[in-house]
Amino acid sequence: MFPIVDEEGLAALELNLSENPDLKNRLIRFFGAIEGVPIEETVEGILDRMLSNTFVKRMSWKGANNKVSFASSSLREIVKDSARENTLCARAADAAVESVIKSWLLRGADGDGSRKER
């Protein structure tokens, strides 16, 4: 299931989440085990395991330019809740987590960003 490599994989995850209410909590616990300090390391670690480099290049925060919207997907809440599983990030504001996500998406869209191909 992870990393998600395309729109079909994201749609399958969204469907699974709608059919299995406990799945979201299991994913939050799974990704919440990824720790880092500061919040940037935690969120980027989650995203690195959640999305493939090729797919992230077809995503943006709001879905501009016919890209897939991260903000309107279930991934948004899963990443925020997973980051808060880290005791050092437990009180992170939504805006702080979303800022890291937006930066990460922009770096992924610039070619290879700062992340290695898997």
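The values are calculated or read from the model by the stated rules, or taken from the named source; none is laboratory data. Keep in mind the model is a prediction, meaning the values are calculated, not measured. Just the protein is used for accessible areas: all its heavy atoms, side chains included, with ligands, DNA and RNA removed. Shrake-Rupley method; radii C 1.70, N 1.55, O 1.52, S 1.80 Å.
Descriptive notes on the structure:
- Cut-off under 5 Å, modelled amide H: who pairs with GLY36 long-range: THR42
- The residues of the chain present an accessible area of 54 Å² per residue when probed at 1.4 Å with all protein chains retained.
- Protein-only accessible surface order, largest first, of VAL68, VAL79 at 1.4 Å: VAL68, VAL79
- Rounded to whole Hz, the Karplus (6.51, -1.76, 1.60) HN-Hα couplings of region 88-96, x for glycine and proline: 6, 10, 4, 9, 5, 6, 3, 4, 5
- Calculated [θ] (222 nm, deg cm²/dmol) that DSSP helices of n ≥ 4 give over the chain, each run adding -39,500 (n - 2.57): -17000 deg cm²/dmol
- If the segment from ASN65 to LEU15 were pulled out straight at 0.36 nm per residue, it would be longer than the present Cα-Cα gap by 15.5 nm.
- As a fraction of the 1.4 Å probe accessible area of region 11-77, surface on carbon and sulfur atoms comes out at 50 percent.
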